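The values are calculated or read from the model by the stated rules, or taken from the named source; none is laboratory data. Keep in mind that this is a model prediction, so the values were computed, not measured. Cβ placement follows ideal geometry from the backbone for every residue including glycine, while neighbour counts extend to all protein chains displayed.
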Amino acid sequence: MSAVASGFFVVWAVIGVGYLVGRLRLLGPDGQRVLSGLAFYVASPPLLFTTLSRADIHHVFSVPLLVAAASAWLTMLGYGLVSRLALRRDASTVVMGSQAAGQVNAANLGIPVAMFVLGDASQVAPVMLFQLALNTPLYLTVMDTLTGGGRPTAGSVLKNIMTNPLIMGSALGIASSATGTALPDLVIQPVQIVAGAAVPAMLMAFGISLVGSRPLSDPGARWDTLLAAVAKVVVHPALALLLAWALGLTGPALYAAVIMAALPTAQNLYVAAVRYDRATTVCRDSVLVTTVVSMLTMAVAAGFLA
């Protein structure tokens with residue numbers, strides 16, 4: 001339990017550094033965007049490659065992937081039913097709100113939590129593959145159709161998948177692990193150095209994003225946000241626990257499945273919400289609320305399962 005507490009302390013300490021950087025405006029008005037871009041496009045793909053190239057490939061494509069997919073989609077379905085039937089939201093708003101309820105921040109917080117709390121960055125791989133390769137193309141296709149953005153083709157969906165740097169980093173790492181191919185030291189050492197920038201850049205960028213945030217200030221979206229937050233930090237990890245237990249996961253694998261499901265709402269959802277002009281407030285506020293509360297959920301899970 002002390003190791004888990006230490007892991008959370010490390011994560012929040014670096015987020016705190018980012019918050020101070022944002023408050024003091026040390027990196028200017030574009031600090032968050034630059035750090036996020038550095039983490040997403042430059043440092044995270046090498047980190048995923050080096051992590052997955054050493055991982056057990058059978059673990060990535062096994063029960064944890066099924067738990068990640070089933071628990072997320074069931075959570076989204078439950079939110080969607082309540083949002084549609086009780087709150088009377090339109091279909092596109094329901095879709096975006098459902099994503100806020102079930103899609104986790106696998107990159108910016110998932111990788112650091114996996115490294116410092118679970119002790120193994122590869123634990124985030126099943127969740128990341130599910131979201132990037134399955135869930136994201138699916139919900140974007142649905143949103144394009146609902147909002148009249150033109151029906152996407154199989155080629156355009158495949159292009160979006162293949163040009164995502166996180167997917168490519170994961171795919172190359174999986175290929176390296178599956179084939180037993182190892183890069184020469186002269187090549188892998190600079191890759192590892194660049195990969196080392198991913199976690200601090202992610203966490204500090206997130207800390208900067210917390211400066212000046214005021215969630216739940218819009219009464220028109222307050223119930224939607226609260227519904228999404230409860231679904232994310234309570235329902236999603238509870239479903240993951242039940243599904244993982246039912247499918248035979250025990251020990252560290254069970255713990256990892258629950259912790260990954262307890263991660264807060266993905267930050268990149270807000271970008272998609274702005275693009276489609278649907279549920280923008282819900283997506284933004286869900287990120288802020290769940291980021292704070294999810295740490296409590298993960299701490300409770302750690303107390304019972306670590």
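For the reader, a short list of remarks on this structure follows.
- Test result for residue 241, touching a helix residue (DSSP H, G or I) at 6+ places or on another chain (Cβ under 6 Å), at positive phi and not hydroxyl-bearing (Ser, Thr, Tyr): no
- Filtering the range 189-199 for residues that are modelled with pLDDT of 85 or more, in a helix (DSSP H, G or I) and buried (at least 24 other Cβ atoms within 10 Å of the Cβ) leaves a non-empty set.
- Extreme residue, surrounded by the fewest Cβ atoms within 10 Å (Cβ to Cβ), among residues of the range 104-126 that are of a type in the set (S, T, N, Q) and farther than 16 Å from residue 297 by Cα: 122
- Taking first residues from the range 279-290 that are under 15 Å from residue 212 (Cα atoms) and partners that are part of a helix (DSSP H, G or I) and modelled with pLDDT of 90 or more, the Cβ contacts under 6 Å between residues at least 6 apart in sequence or on separate chains come to 285/225; 289/229.
- Test for residue 251: is it surrounded by fewer than 20 Cβ atoms within 10 Å (Cβ to Cβ) and under 23 Å from residue 71 (Cβ atoms): yes
- Filtered residues of the range 62-85 (kept if buried (at least 24 other Cβ atoms within 10 Å of the Cβ), within 17 Å of residue 249 (Cα to Cα) and not small (Gly, Ala, Ser)): 64, 67
- Checked against the criterion of being surrounded by fewer than 24 Cβ atoms within 10 Å (Cβ to Cβ), small (Gly, Ala, Ser) and modelled with pLDDT of 85 or more, the candidates 100, 91 yield just one match: 91.
- Criterion: hydroxyl-bearing (Ser, Thr, Tyr) and surrounded by fewer than 16 Cβ atoms within 10 Å (Cβ to Cβ) - qualifying residue of 177, 170, 217, 209: 217
- Here the range 44-73 is the region considered, the condition is being within 16 Å of the chain's Cα centre (by Cα) and among the small types (Gly, Ala, Ser), and the residue that is farthest from residue 239 (Cα to Cα) is 44.
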